[in-house]
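The values are calculated or read from the model by the stated rules, or taken from the named source; none is laboratory data. Because the structure is predicted, anything quoted here is derived from the model rather than measured. Heads up, the Cβs are rebuilt from the backbone with ideal geometry, glycines too, and the neighbour counts pull from every protein chain shown. Protein only, heavy atoms only, side chains kept; ligands, DNA and RNA dropped before computing areas. Shrake-Rupley method; radii C 1.70, N 1.55, O 1.52, S 1.80 Å.
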2 protein chains.
Amino acid sequence: MSQTVDRALSILPLLAEGPADLGQVADRLGVHKSTALRLLRTLHEHGLVYRQSDQRYRLGARLFALAQEAMENLDIREIAHPHLVRLNEACGHTVHLAVYEENEVLYIDKVESRYPVRMYSRIGKPVAITVAAVAKLLLADLPEPERRAVTDQLDYPMYTARSTPNAEAFRRELATVREQGWATDLGGHEESINCVAAPVRGADGRVVAAMSVSAPNVVVTAEELLTLLPLVRRTADAISGEYSGRTPIKETT
Amino acid sequence: MSQTVDRALSILPLLAEGPADLGQVADRLGVHKSTALRLLRTLHEHGLVYRQSDQRYRLGARLFALAQEAMENLDIREIAHPHLVRLNEACGHTVHLAVYEENEVLYIDKVESRYPVRMYSRIGKPVAITVAAVAKLLLADLPEPERRAVTDQLDYPMYTARSTPNAEAFRRELATVREQGWATDLGGHEESINCVAAPVRGADGRVVAAMSVSAPNVVVTAEELLTLLPLVRRTADAISGEYSGRTPIKETT
DNA sequence: CCTGACTGTTGCAATATGTGCAACGCTCAT
DNA sequence: ATGAGCGTTGCACATATTGCAACAGTCAGG
């Protein structure tokens, strides 16, 4: 809608791939160098872009700070966090909280396992949407047309033999998940890691987030992990209750 | 330099404080609602801004993805990571890697302690610049005028009784650090946590990053932690060597 | 030491671009 | 039903953005 801003913002993903100099940026944007220069300058003033010693540009520190701040201000996260911690204390495994947003599912909180063997994940990182237990819950609750659209346009990488192979299989799985109100990922992302997940619902019953407990085979078997399902669901419900209770909007203006 | 972009980018920190509706954004930008709307739309198209169910805007998922991607593409980080892991395996404590950028110091990598008691920190989060051991190393190496400017304009919060109290004390500390080539933080940020840090240098000898080992009192005393100094310095030097060896620029165009 | 190629940078004039306005549609509460 | 409050659209004006061309600085090679 706004050409200038559009161009400026297009620079960001471009720089995310790696540092680039003025000429490269101008070329890839299809604009004159002087134009690119002015856009980069504006981005620089806002700290979104940084000029390293060799004069090339890369993404700047404020970007990280912004992302952090935004995440810490999510109200679901704030409400859920103590519950996640308590769940972690009870079972010892890694606990995740995730939300869906525009074709992506991302972790917004995490409490690390107390066992030495830990799974790899990072807050803010988009999750493997076709296999993760939390992703299934979040997608299962989308309105039908959107769910169809999203599942159609997804890639279905075979991380392991048990990964979701294609859109149809995924939609069947989502139907099951919607029905039962919880989800699992049994080695669909990494061979040796299993997850159990439950949904957090808002006042209107819509799923606003999902939480999961993950543990590697070497610590507990899939069956043992499933034992935790009631506890996970209870925790998720507790968060739902608290979340839909009041809407604590900050109006400190 | 570019008014439109400038206004659009000003929306981001504003939304980082929390969700806001169109009117609020327009007011705080000092522009007409229709203008704000178009800016927000452009931001939305790029995924930097998300419209939640109550129609209010907040920062979007792509922001997190961008921050992640940018961080993972930092070449120092890539080179350093295996060294950090090895150091962690050797000593068991939390290992951090940090860089300085435009008045901020931020963690760009972290390997978690193998002990159950862990310190709080998060990749991408700006560090307590006046007390952190890594911050001291990075600031100590700035050219004198810039160092003066930065240290002057900083706040000096007293996290603990041993925090750096003011600019002068800080500059004295920085002088010492520059002299000795390593730094510590002994309970200056959190009473019970100590750190030892060493600098990573580029080919020209300038400090490009700093790494630290942190551990709480309950696990090892400050003296025991200092025992690790030679190991930390050796690791930092190894990274320096590898980093200044070649400049592995990605040119996969 | 000079030359030429390359990069980033600035001033300027033309016009495409973004702006504020006013009117519309919508939802929600009274 | 009625009105207030919000987001949204079309339009005419003029401002802010653009590409150009010329400049400055750096580096490599002859």
With every protein chain kept in place and a 1.4 Å probe, the residues A:LYS33, A:LYS125 fall, from largest accessible area down, as A:LYS33, A:LYS125
State the extension gain, in nm to one decimal, for the chain segment bounded by B:MET1 and B:ALA169, taking 0.36 nm per residue of separation less the distance between their alpha-carbons. 56.7 nm
Here are some pairs, A:LYS125/B:LYS136; A:LYS110/B:LYS136; A:LYS136/B:LYS125; A:LYS33/B:LYS125; A:LYS125/B:LYS125; A:LYS110/A:LYS136; which of them have Cα atoms lying more than 25 Å apart in this structure? A:LYS125/B:LYS136; A:LYS110/B:LYS136; A:LYS136/B:LYS125; A:LYS33/B:LYS125
Evaluate the charge dipole of chain A about its Cα centre and quote only its size in Debye, nearest 20, assuming +1 on the Cβ of each Lys and Arg and -1 on the Cβ of each Asp and Glu. 520 debye
Region B:3-66 - charge dipole about Cα centre, Lys and Arg +1 at Cβ, Asp and Glu -1, debye rounded to 20: 140 debye
Check: the protein assembly as shown dipole with +1 on Lys, Arg Cβ and -1 on Asp, Glu Cβ, in debye: 460 debye
For chain B, what class follows from the C-alpha gyration tensor (a ≥ b ≥ c being the square roots of its eigenvalues): rounded when a/c is under 1.5, otherwise prolate if a/b is larger than b/c, else oblate? prolate
Would you mind giving the total buried accessible surface between chains B and A, with a 1.4 Å probe and ligands, DNA and RNA left out, rounded to the nearest 100 Å²? 5100 Å²
Give me a comma-separated list of calculated 3J(HN,Hα) values for region A:43-59, in order, Karplus coefficients 6.51, -1.76, 1.60 applied at θ = phi - 60°, integers in Hz, x for any Gly or Pro. 4, 5, 4, 8, x, 7, 9, 10, 9, 7, 4, 7, 6, 7, 9, 9, 5
Rounded to the nearest whole Å², what accessible area per residue is found for chain A with the 1.4 Å probe? 45 Å²
Distances in nm between the label point of B:VAL218 (7 Å along Cα→Cβ) and its equivalents in the other copies, shortest first, are 2.6
In whole angstrom, the spacing between the Cα centers of region A:37-66 and region A:152-185 equals 40 Å
When a/c reaches 1.5 or more, the comparison of a/b and b/c decides; with that in mind, is the protein assembly as shown rounded, prolate or oblate per its Cα gyration tensor? oblate
Between the DSSP loop rule and a limit of at most 16 other Cβ atoms within 10 Å, which trypsin sites (Lys or Arg not before Pro) in region A:149-253 are left? A:ARG162, A:ARG206, A:ARG246, A:LYS250
Can you pull the one-decimal nm distance between simple spin-label points at A:VAL85 and B:ARG86, each 7 Å off the Cα toward Cβ? 3.7 nm
Between A:ASP237 and B:TYR156, what is the spin-label point distance in nm, taking each point 7 Å from the Cα along the Cα→C-beta axis? 5.6 nm
Per the helix-only model, chain A has a calculated mean residue ellipticity at 222 nm (DSSP H runs of ≥4, -39500 (n - 2.57) each, divided over all residues, rounded to the nearest 500) of -14500 deg cm²/dmol
For region B:3-66, the charge dipole (Cβ of Lys, Arg +1; Cβ of Asp, Glu -1; about the Cα centre) points to a positive end, and the Cα of B:ALA61, B:LEU9, B:HIS46 closest to that extreme belongs to B:HIS46
Using r as the Cβ-Cβ distance of A:SER34 and A:GLU144, and R0 as 41 Å, what FRET efficiency do you calculate, to the nearest 0.05? 0.25
Crossing angle, helix B:229-245 versus chain B [Cα axis fit, 0-90 degrees, rounded to tens]: 60 degrees
